[in-house]
1. Pairs of Cα atoms under 8 Å, at least six residues apart: use those to get the relative contact order of segment 42-82, whole percent.
2. What FRET efficiency do you get for residue 63 and residue 41 if R0 is 30 Å and r is their Cβ-Cβ distance, rounded to the nearest 0.05?
3. Mind ordering 51-63, 19-31 by average Cβ neighbours within 10 Å, highest first?
4. Figure the gain on full extension for residue 75 and residue 28 (residue separation times 0.36 nm, minus the Cα-Cα span) and round it to one decimal in nm.
5. Please report Rg over Rh for the chain, where both radii come from the alpha carbon positions and Rh follows the Kirkwood definition.
6. For segment 42-82, what class follows from the C-alpha gyration tensor (a ≥ b ≥ c being the square roots of its eigenvalues): rounded when a/c is under 1.5, otherwise prolate if a/b is larger than b/c, else oblate?
7. Once label points are set 7 Å from the Cα along Cα→Cβ at both residue 50 and residue 16, what is their separation, rounded to one decimal in nm?
8. For helix 67-81, report the angle its Cα long axis makes with the longest principal axis of the Cα atoms of the chain; keep it between 0 and 90° and round to the nearest 10°.
């Protein structure tokens, strides 16, 4: 290393560390919060499972039940038949 490079490195101010805490005390990182009416996955699944549908059983009769119950019946019928 030459003498001029060594002098330049010594003259430079020390490097600043990155700000690890970007928000001031008491300030939120999400000031607007979650949008009103926004639904989470649990709510969306519950709404989808509560939809009423017609289900045709193996004996040919049609019954009206929720989509969640139809899914359970379908899985049980597959398990029994295999």
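1. 32 percent
2. 0.55
3. 51-63, 19-31
4. Taking 0.36 nm per residue and subtracting the Cα distance, the gain is 12.3 nm.
5. On the way: Rg = 31.9 Å, Rh = 20.0 Å.
A ratio of 1.60.
6. oblate
7. Label at residue 50, label at residue 16, 5.2 nm between them.
8. Its long axis makes an angle of about 70 degrees.
Read the figures in this text as sums done on the coordinates, not as results from a lab. Predicted, not measured: the structure shown is a model, and the values here were computed from it. Using ideal geometry, Cβ is built from the backbone for each residue, glycine included, and neighbour counts are taken over all protein chains shown.
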